[in-house]
Amino acid sequence: MAQQDDNILKKVVSHAKEYGFVFPSSEIYDGLGGVYDYGQNGVELKNNIKEYWWRFMTCLHDNIVGLDAAIFMHPDTWKASGHVDAFNDPMIDNRDSKKRYRADVLVEDAISKMEDKIEKEVEKAAKRFGESFDSTMFIATNPRVQEYQKKINETNERLKNAMGSNDMASMKQLVLDLEIADPVSGTKNWTDVRQFNLMFSTEMGSIAEEANKIYLRPETAQGIFVNFLNVQKTGRMKIPFGIAQIGKAFRNEIIARQFIFRMREFEQMEMQFFVKPGEEMKWYEFWKEKRMKWHLALGLGKENYRFHDHLNLAHYAKAACDIQFNFPMGFKELEGIHSRSDFDLKSHEKLSGKKLQYFDPEDNQNFIPYVVETSVGLDRMFLSVLASAYVEEKLEDGSERVVLRIHPALAPNKVAILPLMKKDGLPEKAEMIMNNLKFNFRCYYEDKDTIGKRYRRMDAIGTPFCVTVDHQTLQDDTVTIRYRDTMKQDRVKIETIKELLENACSINNLLRLI
Ligand code: GAP
């Protein structure tokens with residue numbers, strides 16, 4: 001279960017660094033804002049999350065295929081997609097702290113505070129009235145709650161209008177009217193709000209005169225749109241069908257913060273689902289449900305997820321919602337599900353002059369499909385798994401341990417093979433066991449330090465099982481298996497380990513839950 005606390009985030013960040021999950025990029029030069037490297041354990045966890053997603057999308061849906069498009073794309077791609085003109089964030093500075101913020105995020109945070117106040121009123125009343133409490137009735141009739149709700153609705157409306165009409169003066173007025181103070185300086189001394197384009201650009205071509213401005217893709221989706229007909233024709237795909245892709249995306253975020261939650265270089269797992277116009281809302285609901293089930297199968301707790309409808313739609317979206325997760329910083333966007341209409345394909349068709357239409361043999365007609373997209377940030381998935389897994393435990397003997405209760409199917413290492421001593425043939429026996437398991441599972445071999453210290457290290461990187469090889473092993477081919485979560489130990493036959501690991505660590509078993 002996620003634990004809401006700024007301190008937890010700090011602890012997770014330092015644990016991630018200490019145990020080889022995530023390092024600040026180019027740290028020897030003091031790092032680079034919003035850019036991180038994944039270490040030896042981080043990359044394994046990340047790959048397992050990718051596999052869980054990829055297999056769900058492409059193996060469990062026979063009408064979804066994969067793609068790996070290039071990061072660089074023709075610059076016209078980003079004109080057609082609207083990113084050159086509209087992929088902006090409203091930026092505002094506080095003159096006293098000299099800190100920069102996204103004005104829309106300041107407003108959204110103020111709305112969240114009002115929502116928290118409603119929740120507190122409801123909690124208080126629930127305590128007061130006990131079992132007879134009817135929360136729906138209370139929310140609908142309590143004057144204070146009504147007042148908060150009215151203000152939330154008005155603020156949402158003003159935010160939507162200001163963003164929709166690109167009216168940055170109104171954005172600033174909203175910040176002033178809500179009396180938002182800078183969390184650093186505590187003052188309300190704000191500059192005007194300016195639009196800031198989030199795309200990184202670079203130049204292609206070795207001679208300056210011939211240089212061409214190109215962009216690092218801010219979303220993977222456009223690689224799918226421009227390849228829509230290539231895939232459809234070569235794969236003889238029939239609508240409805242989807243194209244899935246995992247890859248890097250780049251955004252010059254005004255403020256990259258909260259560790260790997262908001263980065264400037266990150267990874268997305270996106271799927272564009274092409275449907276008949278008019279059927280998009282049916283598929284939008286279908287994918288909302290499917291994606292939520294995919295998240296819930298990980299067992300991080302139903303109460304830690306919720307849908308959040310977008311009022312302030314991206315330039316391409318006709319309907320959109322987030323799946324929010326209860327991160328240590330509170331409920332925040334983990335995944336976006338968007339109904340993008342035919343916006344992208346139509347724009348690409350117009351600018352490129354190439355037809356991007358589907359021929360429907362049943363109706364004998366051409367049309368531009370509508371698109372429902374699911375887009376989850378791999379790094380945010382990683383953070384949700386890591387932060388939920390991080391547990392500090394006080395043990396019966398008074399000692400403490402930090403354990404990462406990562407689902408075994410996602411854990412970087414599935415099993416640690418630990419010879420009790422570095423002599424008497426125990427290491428050789430341990431290696432034999434490892435050689436037998438390593439083709440199926442990622443194993444970790446460790447023969448230094450006391451067994452207790454080795455168990456703690458394995459707990460700290462989330463290894464679900466430890467296998468200890470001792471002198472008895474040499475006599476009867478049994479080992480001690482120790483379970484990370486309960487710390488219980490069993491004596492088992494070596495030949496049973498494989499099946500035990502298969503049952504507990506298989507991504508297939510996780511997929512079967514969906
Ligand atoms: N193609 C649609 C799209 O890109 P988005 O809501 O902007 O939609 C999708 O991004 C997902 O990508 C988000 O839900 C989030 O998980 C992830 N994401 C977006 N910006 C990010 C950032 N700066 N750092 C890490 N993840 C990010």
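Within the span defined as segment 353-370, every residue fails to be at pLDDT 95 or above, under 23 Å from Arg257 (Cβ atoms) and not β-branched (Val, Ile, Thr).
Using the structure shown, decide if Gln258 is under 29 Å from Pro24 (Cα atoms) and open to solvent by 60 Å² or more (accessible area, probe 1.4 Å).
No.
Kindly check whether there is at least one residue in segment 24-32 that is farther than 22 Å from Arg264 by Cα and part of a loop (DSSP other than H, G, I, E, B). Looking for residues that are farther than 22 Å from Arg264 by Cα and part of a loop (DSSP other than H, G, I, E, B), one finds none in segment 24-32, hence no. Are any of the residues in segment 245-259 part of a helix (DSSP H, G or I), within 30 Å of Phe23 (Cβ to Cβ) and not small (Gly, Ala, Ser)? Yes, because at least one residue in segment 245-259 is part of a helix (DSSP H, G or I), within 30 Å of Phe23 (Cβ to Cβ) and not small (Gly, Ala, Ser).
Set side by side, the residues Met432, Met421 differ, and just one is over 30 Å from Val13 (Cβ atoms), in contact with a His (Cβ under 9 Å, 6 or more places away or on another chain) and either crowded, with 17+ Cβ neighbours inside 10 Å or not polar (S, T, N, Q) (or both), which is Met421. Quick check: anything in segment 62-83 in a strand (DSSP E or B), in contact with a Ser or Thr (Cβ under 7 Å, 6 or more places away or on another chain) and closer than 21 Å to Ile254 by Cα? Within segment 62-83 (the criterion being in a strand (DSSP E or B), in contact with a Ser or Thr (Cβ under 7 Å, 6 or more places away or on another chain) and closer than 21 Å to Ile254 by Cα), the answer is no, since none of the residues qualifies.
Here are some residues: Leu351, Leu404, Leu378, Leu356. Which one is surrounded by 23 or more Cβ atoms within 10 Å (Cβ to Cβ) and of a type in the set (A, V, I, L, M)?
The conditions single out Leu404.
When segment 94-108 is filtered for residues that are out of contact with any strand residue (DSSP E or B) (no Cβ under 9 Å at 6 or more places or on another chain), in contact (Cβ under 8 Å) with a residue 60 or more places away in the chain and open to solvent by 20 Å² or more (accessible area, probe 1.4 Å), the ones remaining, listed by number, are Asp96, Ser97. Determine whether segment 265-284 contains at least one residue that is open to solvent by 20 Å² or more (accessible area, probe 1.4 Å) and within 13 Å of the ligand (Cβ to nearest atom). Checking segment 265-284: at least one residue is open to solvent by 20 Å² or more (accessible area, probe 1.4 Å) and within 13 Å of the ligand (Cβ to nearest atom). Take the conditions (1) loosely packed, with under 14 Cβ neighbours inside 10 Å; (2) free of Cβ contacts under 8 Å to residues at least 24 places away in the same chain; Asp485 misses just one of them, which is (2). Is one or more of the residues making up segment 369-378 part of a helix (DSSP H, G or I) and within 30 Å of Pro464 (Cα to Cα)? Yes: segment 369-378 contains one or more residues that are part of a helix (DSSP H, G or I) and within 30 Å of Pro464 (Cα to Cα).
The values are calculated or read from the model by the stated rules, or taken from the named source; none is laboratory data. Only a predicted model underlies this, so the values are computations on that prediction, with no experimental measurement involved. We place every Cβ from the backbone using ideal geometry, glycine too, and count neighbours over all the protein chains shown. Just the protein is used for accessible areas: all its heavy atoms, side chains included, with ligands, DNA and RNA removed. Shrake-Rupley method; radii C 1.70, N 1.55, O 1.52, S 1.80 Å.
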